[in-house]
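K.L.:
Once you've had a glance at the structure underneath, I'll fire off some questions.
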Amino acid sequence: MAWIILILSGMLEAVWAAALSASENFKKLRPTVLFFAALALSMAGLAWAMTDLPTGTAYAVWVGIGATLTVLWGFVTGQERPTIIRILLLVLLVGSVIGLKAVS
């Protein structure tokens, strides 16, 4: 169950990162509210998962999921340009996250 919560929390990390950007320095209400809600839920989920998982592994997986999804969202929205090297680095990042799960 801790892994499921951790994965969902990592996904929420990407949500709050995208909402933070969309809030335009907290000037837009909806993205600002989404940012704070996703941030609180993401942190709470990470904290809960860390009661069963090693801190370093949980944090690395949480960041890896959030970072990967945030970059993919940038690709989808056109904020970032997908290049071969970026895609390969994302594959390496995802592989590292899977590796951490496999060895824990």
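K.L.:
Taking residue 51 and the conditions (1) at pLDDT 95 or above; (2) not in a loop (DSSP other than H, G, I, E, B), which numbered condition does it fall short on, given that it satisfies the others?
P.N.:
Residue 51 satisfies every listed condition except (2).
K.L.:
Same structure, new question: With respect to the numbered conditions (1) of a type outside the set (S, T, N, Q); (2) touching a residue at least 60 places away in the same chain (Cβ under 8 Å); (3) not in a helix (DSSP H, G or I), which one is the sole condition not fulfilled by residue 3?
P.N.:
For residue 3, the exception is condition (3).
K.L.:
Exactly one of these conditions fails for residue 26: (1) part of a helix (DSSP H, G or I); (2) at pLDDT 95 or above. Give me its number.
P.N.:
With respect to (1) part of a helix (DSSP H, G or I); (2) at pLDDT 95 or above, residue 26 is out only on (1).
K.L.:
Yes or no: residue 39 of a type outside the set (Val, Ile, Thr), more than 27 Å from residue 91 (Cβ to Cβ), out of contact with any Cys (no Cβ under 6 Å at 6 or more places or on another chain) and surrounded by 15 or more Cβ atoms within 10 Å (Cβ to Cβ)?
P.N.:
On the way: of a type outside the set (Val, Ile, Thr): yes; more than 27 Å from residue 91 (Cβ to Cβ): yes; out of contact with any Cys (no Cβ under 6 Å at 6 or more places or on another chain): yes; surrounded by 15 or more Cβ atoms within 10 Å (Cβ to Cβ): yes.
It is true that residue 39 is of a type outside the set (Val, Ile, Thr), more than 27 Å from residue 91 (Cβ to Cβ), out of contact with any Cys (no Cβ under 6 Å at 6 or more places or on another chain) and surrounded by 15 or more Cβ atoms within 10 Å (Cβ to Cβ).
The values are calculated or read from the model by the stated rules, or taken from the named source; none is laboratory data. Just so it is clear, the structure is predicted and the values come from calculations on it, not from any experiment. Heads up, the Cβs are rebuilt from the backbone with ideal geometry, glycines too, and the neighbour counts pull from every protein chain shown.
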